[in-house]
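Worksheet for the structure shown next.
The values are calculated or read from the model by the stated rules, or taken from the named source; none is laboratory data. Remember, predicted model here, so these are calculated numbers, not experimental data. Ideal geometry is used to build each Cβ from the backbone, glycine not excepted, and the neighbour counts take in all protein chains shown.
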Amino acid sequence: MPPASSSRRFRAPGALLLFALALGGAYYARAAVKPSVDSVAEGLTCQCGCGLTVANCNHPQCEFSVPVRDQIEKMIAQGRSREQIIEAFRVKYGEKILSAPTTSGFNLLAWITPFGVIAIGGALLVMVFSRWTSGQPSLPARLDEQNFDAALRRRLDDEVRKDA
Amino acid sequence: MPLIGPFALAFALLLAFYSVLANVIGARRRLSALVVSGRHALWAMSAMITVAIVVLWSSLLHSDFTLHYVASYSSLTLPPIYKFTALWGGQQGSLLLWTWLLSVFSSIVAWQNRRRNPEITPYALAVLAVLAIFFLGMLNFVTRPFDLVARVPGDGQDLNPLLQNYWMAIHPPSLYTGYVSASVPFAFGAAALITGKLDDSWIRTTRRWAIFSWFFLTLGNLFGARWAYEVLGWGGYWAWDPVENAAFMPWLVMTAYLHSVMIQERKDMLKVWNLALIGLAFELTLFGTFLTRSGVISSVHSFTQSGLGPYFLTFLAIVASAYTALLVGRLKMLRTPAEFESYLSREAAFLFNNLVLVGIAFAVFWGTIFPVISEAVRGVKITVGPPFFDKVNGPLALLLIFLMGVGPLIAWRRSTARNLLRTFAAPLLIGLGTGLCVALAGLHQWYVLTAFSLAAFVLGTILAEFRHGVTARRHLVGESSARAMVNLVAKNNRRYGGYVIHLGVVLAFVGIVASSFFRLEVKRSVRQGDSIDVGPYELVYLGTRSSMDPHVESLQARIEVMRDGRPLAVMLPAKLFYARQQQPATVVALRSTPLHDLYVVFAGVDEATGQATFQVFLTPLVFWLWAGGLIMALGTVIVMWPNVRERAAIAAVVRAGDEAALEAQMAPGGE
């Protein structure tokens, strides 16, 4: 019957979709969990001159990172997300407090340029390969693999014996 | 005695000028006597710079505060070992060390090639002498190590406390050795371009120098990371600081170069690429020095900021432009028929490996200079820190590790699917099995799963290679497994040394991933007798002990480490205070095992409450980062070890190629 067959047809994709939704749900459920102090502090640069992030500042009594960590803890307790907390610090101290460039406007260049350059390099490499391979005669009817292996093995055996 | 120093440096500068002129004119006009005198001038220059560095060392050891440098970077109470290392604790001394290393390496090259490569050696020596002119110019006119003070102080200002550490005794010289020795292959590459002698003789002549440079760059980076780990007291070892990046970039490019020259040696391809890579590697060493000196980008490692930046930038621009012009001018001569058959070949794997290595170097460069670009374009100062570099380089590192497994095992020219399956089946199973075990162990981060699986895959390929080689020798020659292993490595040291290096890289990679993802941190203030629980350990605070000498004041905490109720060790983290510099420093207590490092930082005691504050890190597998680095160094020694067969082959090639040139060169005068 047509309805039955159509339901069978959609069973596998449906299961896949459910699986994907479950995965996505699990991901978002995880993302919705409260951020840790370290995960937020990793996104902020300590301003004490240590050159490290607030999470890694090497001054245990640091006058900047210690109070900032306390503030982060309070903001997490208030239910604010990682992004909201980082944004609050950006507003207060300016962009220099962020430990990585934002992903918008001019700063987007910081993120895409390395991958862009590698992609262009890869494309050039493929073009060069294509040019090299076109017009390249394939190896003279390359001995079929078994014969080739046998010949190679004989040569290798000879060389190893000579070495020894 | 310090007065000898400036004269020695001035004389060295004159000798460097003479060496350039004598080598170039001698080579152009085929006046071999002039070429010989140019070489002798280089040796004399080296002797003069040696005199200068000995004078500075002597002044430091004798606390001769008439010298501004000695008064600025040492003190009467500074321990002798740090008086010795204070040579590279400041701007002028470290530049003098750089110049001295350059002169020593130039002299060795001149000696090695006194009867070899007569066409290109004079030009290579001239290039090295030009580099020496720049540094000697700095030391003579811009940043003089022998400047006198107006009024001699009773004591010096002391060395920065962060530099009073044994890793600082070996980290900068290792890094400088790596940086400076890169100038030898660069000089020969430039000489090959100048003379048009563009076969691979310049590569063969400088192969060991390139590996030597890579070896010291590896050690320099490793020791620097270890210094950061032990001294900075934050539990980490790499913060993507601009100065760290500056040392990492030449290492990456030099790694790419060492792989791609194999293709040129074997197939006479990639001549332009190899010349470009060695030029880039050397230019990055200059860029690194520029970053360290200029203060244009803030860094925790810039102990010697000065106004040298513009000089270095100008010199870098001149070197890069001249080299690029030479390269472009020779493009036609560098074209060779390319022999390339398939993407499934070692050539392709090596080229993609080059792309990734240079890509990572570019990403690091871009991230390092982006704050400057941002400030110039938007007028906004931003920070590009670890999250950026981790996110950009993390996936590229995975790709690199994958290619590291594929490259050495895939056949040259072309592989078939059947070949690939046979070669990679076992390593792939090992990789997948490891991934499964890691997932079952509860580690579900995709990066960790992929990284550990790939690491196991590469280990599988390395083991497979050793197993094949040993099995072949056992069957064919009848050797025991141990003897077969030794002979296998001894007779094919380049190949198997390379595998040992790869093994080291994989272990270091595992250490980096595990320590980055699973570090545990606890910060607690406790009273005497209280304990702190960290992972499986219980740390009991037993009290403090203070000591004082004229140089440094110390407050040391005693911590008993217990596991399952049994005492394991006593750890002694301390807080130091340096009297002359009025600066505190940290002594980290470290208990390292192959499974994890227990790392304790003592922040001090609150006098009001009597509570001591500790920061404790439990970092898994970080041991393997250091072990992997040392294995990489061991592999490099194996690769560099003289191989009688290889030497004979090179000598034959050099003899055949150079006999005619040597005769022509020697005809007018002769040595």
Query raised in the report: Quick check: anything in region B:249-262 closer than 24 Å to residue B:89 by Cβ and at pLDDT below 80?
Result: no
Query raised in the report: When only residues in region B:122-168 that are polar (S, T, N, Q) and at pLDDT below 95 count, which is surrounded by the most Cβ atoms within 10 Å (Cβ to Cβ)?
Result: B:164
Query raised in the report: When residues of region B:40-63 are filtered for being within 14 Å of residue B:132 (Cα to Cα) and not hydrophobic (A, V, I, L, M, F, W, C), how many remain?
Result: 2
Report summary line: Among B:337, B:387, B:395, the single one that is out of contact with any Asp or Glu (no Cβ under 7 Å at 6 or more places or on another chain) and either part of a helix (DSSP H, G or I) or modelled with pLDDT of 90 or more (or both) is B:395
**Report entry** Qualifying strands (runs of 3 or more DSSP E) (wholly inside region B:585-671; at least 3 residues being modelled with pLDDT of 95 or more, out of contact with any Asp or Glu (no Cβ under 8 Å at 6 or more places or on another chain) and surrounded by 14 or more Cβ atoms within 10 Å (Cβ to Cβ))
**Finding:** B:596-605
Report summary line: Being surrounded by 15 or more Cβ atoms within 10 Å (Cβ to Cβ), more than 10 Å from every other protein chain (Cβ to nearest Cβ) and either at positive phi or of a type in the set (A, V, I, L, M, F, W, C) (or both) narrows B:325, B:349 down to just B:349
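Could you please find all residues in region B:555-597 being of a type in the set (Asp, Glu) and touching a strand residue (DSSP E or B) at 6+ places or on another chain (Cβ under 8 Å)? Spell out the reasoning first.
Kept after step one, since they are of a type in the set (Asp, Glu), are these residues of region B:555-597: B:560, B:564, B:597.
The answer is B:560, B:597.
Across region A:60-112, what is the total count of residues that are aliphatic (A, V, I, L, M) and outside any helix (DSSP H, G or I)? Don't jump to the end; show me each part of the working.
First, the residues of region A:60-112 that are aliphatic (A, V, I, L, M): A:66, A:68, A:72, A:75-77, A:85-86, A:88, A:91, A:97-98, A:100, A:108-110, A:112.
Applying the additional criterion that residues be outside any helix (DSSP H, G or I) yields A:98, A:100.
Residues in region A:60-112 being aliphatic (A, V, I, L, M) and outside any helix (DSSP H, G or I): 2 in total.
Determine whether residue B:450 is assigned to a helix (DSSP H, G or I), surrounded by fewer than 17 Cβ atoms within 10 Å (Cβ to Cβ), of a type in the set (Val, Ile, Thr) and free of Cβ contacts under 8 Å to residues at least 60 places away in the same chain.
Details: assigned to a helix (DSSP H, G or I): yes; surrounded by fewer than 17 Cβ atoms within 10 Å (Cβ to Cβ): no; of a type in the set (Val, Ile, Thr): yes; free of Cβ contacts under 8 Å to residues at least 60 places away in the same chain: yes.
No.
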**Report entry** Qualifying residue in region B:61-73 (condition: in contact with a Lys or Arg (Cβ under 7 Å, 6 or more places away or on another chain) and surrounded by 23 or more Cβ atoms within 10 Å (Cβ to Cβ))
**Finding:** no
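Of a type in the set (Phe, Trp, Tyr) and more than 23 Å from residue B:551 (Cα to Cα) - does that describe any residue in region B:116-123? Quick ask: steps written out before the conclusion?
Taking region B:116-123 as the starting set, the residues that turn out to be of a type in the set (Phe, Trp, Tyr) are B:123.
Now narrow it down to the ones that are more than 23 Å from residue B:551 (Cα to Cα): B:123.
Among the residues of region B:116-123, at least one is of a type in the set (Phe, Trp, Tyr) and more than 23 Å from residue B:551 (Cα to Cα), which makes the answer yes.
Could you tell me how many of the residues in region B:73-127 are hydroxyl-bearing (Ser, Thr, Tyr), in a helix (DSSP H, G or I) and more than 22 Å from residue B:50 (Cα to Cα)?
From region B:73-127, those hydroxyl-bearing (Ser, Thr, Tyr) are B:73-75, B:77, B:82, B:85, B:94, B:99, B:103, B:106-107, B:121, B:123; that's our starting set.
Now drop any that are not in a helix (DSSP H, G or I), which leaves B:73, B:82, B:85, B:94, B:99, B:103, B:106-107, B:121, B:123.
Those left that are additionally more than 22 Å from residue B:50 (Cα to Cα): B:121, B:123.
Total satisfying the criteria: 2.
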Query raised in the report: If you take the residues of region A:125-156 that are facing chain B (nearest Cβ under 9 Å) and modelled with pLDDT of 70 or more, which of them is surrounded by the most Cβ atoms within 10 Å (Cβ to Cβ)?
Result: A:129
Query raised in the report: Quick one: would you say residue B:116 is of a type in the set (Lys, Arg) and farther than 30 Å from residue B:28 by Cβ?
Result: no
Query raised in the report: Would you call residue B:105 buried (at least 21 other Cβ atoms within 10 Å of the Cβ) and in contact with a His (Cβ under 9 Å, 6 or more places away or on another chain)?
Result: no
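Return the residues of region B:183-205 that are surrounded by 24 or more Cβ atoms within 10 Å (Cβ to Cβ) and either in the same structural domain as residue B:134 (by TED's automatic domain parsing) or under 22 Å from the mean Cα position of the chain (by Cα) (or both); say none if nothing qualifies. So that I can check it myself, show each step before the final result.
At the first step, the residues of region B:183-205 found to be surrounded by 24 or more Cβ atoms within 10 Å (Cβ to Cβ) are B:183-193, B:202, B:205.
Answer for region B:183-205, where residues must be surrounded by 24 or more Cβ atoms within 10 Å (Cβ to Cβ) and either in the same structural domain as residue B:134 (by TED's automatic domain parsing) or under 22 Å from the mean Cα position of the chain (by Cα) (or both): B:183, B:184, B:185, B:186, B:187, B:188, B:189, B:205.
Consider residue B:304 carefully, then state whether it is within 28 Å of residue B:641 (Cβ to Cβ), touching a Gly at 6+ places or on another chain (Cβ under 8 Å) and either at pLDDT below 85 or among the polar types (S, T, N, Q) (or both). Before the answer, list the steps.
Values: within 28 Å of residue B:641 (Cβ to Cβ): no; touching a Gly at 6+ places or on another chain (Cβ under 8 Å): yes; either at pLDDT below 85 or among the polar types (S, T, N, Q) (or both): yes.
Against the criterion (within 28 Å of residue B:641 (Cβ to Cβ), touching a Gly at 6+ places or on another chain (Cβ under 8 Å) and either at pLDDT below 85 or among the polar types (S, T, N, Q) (or both)), residue B:304 does not qualify.
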Report summary line: Screening B:511, B:504 for residues that are out of contact with any Lys or Arg (no Cβ under 8 Å at 6 or more places or on another chain) and under 23 Å from residue B:423 (Cα atoms) leaves only B:504
Report task. Could you figure out which of (1) of a type outside the set (A, V, I, L, M, F, W, C); (2) within 20 Å of residue B:397 (Cβ to Cβ); (3) not in a loop (DSSP other than H, G, I, E, B) isn't true of residue B:465? Result -> (2)
Query raised in the report: Hey, does region B:31-42 have a residue that's surrounded by 23 or more Cβ atoms within 10 Å (Cβ to Cβ), of a type outside the set (A, V, I, L, M, F, W, C) and either at pLDDT 95 or above or not in a helix (DSSP H, G or I) (or both)?
Result: yes
Query raised in the report: What residue, among those in region B:359-384 that are of a type in the set (Val, Ile, Thr) and either facing chain A (nearest Cβ under 7 Å) or not in a helix (DSSP H, G or I) (or both), is nearest to residue B:313 (Cα to Cα)?
Result: B:377
Report summary line: The one condition residue A:52 fails out of (1) modelled with pLDDT under 90; (2) touching a Leu at 6+ places or on another chain (Cβ under 6 Å); (3) closer than 16 Å to residue A:97 by Cα is (2)
